[in-house]
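The values are calculated or read from the model by the stated rules, or taken from the named source; none is laboratory data. Everything numeric in this text was worked out from a predicted model, so none of it was measured. Virtual Cβ from ideal backbone geometry, glycine too; neighbours counted across all protein chains shown.
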Amino acid sequence: MPDCPTAANVNAIAPAPVQEDVLRWSQIDRTQSTALFARFRIEIHEGGDATPIPGSYWGESEAGLVGNRLYLRADTPLHSALHEACHCICMDEARRADLHTDAGGDFAEEDAVCYLQILLADWIPGCGRVRMFADMDAWGYTFRLGSARAWFEQDAQDARDWLVRHGLIDAREQPTWTLRG
């Protein structure tokens with residue numbers, strides 16, 4: 001059973017109702033966050049309030065992904081933006097070139113995406129991993145151990161190893177700031 005939402009176990013169900021208490025794109029330093037994503041060659045495209053988000057798998061305010069373009073609105077949950085960006089970071093150039101809405105990937109990659117999402121939260125002022133744990137749990141990510149934090153701290157060695165093996169983080173869990181190619 002995978003530890004993190006995957007096409008096989010989560011996309012078959014509807015997302016949790018909109019959680020008012022999760023951190024939104026409009027509540028963070030967007031300039032700094034955009035610069036973080038740019039380190040991975042991810043372009044941010046912000047849409048207006050209530051406009052449809054291109055490439056959004058879930059619709060509503062959830063982030064969308066088309067190629068290396070991450071589509072957001074002010075009300076997009078930060079966890080959604082990070083999750084979709086990490087999908088882009090974790091895939092190779094060939095997959096990224098054809099990417100539109102559904103990132104695909106296997107269970108191991110999905111777990112790596114969730115792990116990287118938590119690590120990158122530490123690079124966003126006002127967020128951090130503790131907030132990301134809470135927001136992931138509030139949205140409805142499902143983990144064997146019952147929470148994002150428990151999974152990350154006790155059951156995510158395979159995800160960490162995947163990221164190291166693919167050169168996306170180093171042994172100290174620091175991002176390498178490059179996309180796979």
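Tell me whether the range 81-103 contains one or more residues that are touching a Pro at 6+ places or on another chain (Cβ under 8 Å) and not basic (K, R). No, the range 81-103 contains no residue that is touching a Pro at 6+ places or on another chain (Cβ under 8 Å) and not basic (K, R). Number of residues in the range 96-146 that are under 19 Å from L168 (Cβ atoms) and among the polar types (S, T, N, Q): the value is 1. Within 13 Å of E62 (Cα to Cα), surrounded by fewer than 16 Cβ atoms within 10 Å (Cβ to Cβ) and not acidic (D, E): is that true of A74 in this structure? So A74 passes the test.
Can you tell me which residue is nearest to A159 (Cα to Cα) among those in the range 125-144 that are modelled with pLDDT of 90 or more and assigned to a loop (DSSP other than H, G, I, E, B)? Of everything passing the filter in the range 125-144, C127 is nearest to A159 (Cα to Cα). Of all positions in the range 11-25, none carries a residue that is surrounded by fewer than 20 Cβ atoms within 10 Å (Cβ to Cβ), under 14 Å from the mean Cα position of the chain (by Cα), part of a loop (DSSP other than H, G, I, E, B) and modelled with pLDDT under 90. Within the range 139-178, being out of contact with any helix residue (DSSP H, G or I) (no Cβ under 7 Å at 6 or more places or on another chain) and β-branched (V, I, T) holds for T142, V164, T176, T178. With respect to the conditions (1) surrounded by fewer than 22 Cβ atoms within 10 Å (Cβ to Cβ); (2) assigned to a helix (DSSP H, G or I); (3) not aromatic (F, W, Y), L116 falls short on a single one, namely (1). Determine which member of the set A156, A138 is farther than 18 Å from A85 by Cβ, hydrophobic (A, V, I, L, M, F, W, C), surrounded by fewer than 18 Cβ atoms within 10 Å (Cβ to Cβ) and touching a residue at least 60 places away in the same chain (Cβ under 8 Å). After applying the criteria, what remains is A138. Collect the residues in the range 159-181 that are of a type in the set (V, I, T), part of a loop (DSSP other than H, G, I, E, B) and without any contact (Cβ under 8 Å) to a residue 24 or more places away in the chain, keeping them in residue-number order. Once the filter is applied, which keeps residues that are of a type in the set (V, I, T), part of a loop (DSSP other than H, G, I, E, B) and without any contact (Cβ under 8 Å) to a residue 24 or more places away in the chain, the range 159-181 yields only T176.
Scanning the range 58-113 for residues that are among the charged types (D, E, K, R) and part of a strand (DSSP E or B) returns a single hit, R69.
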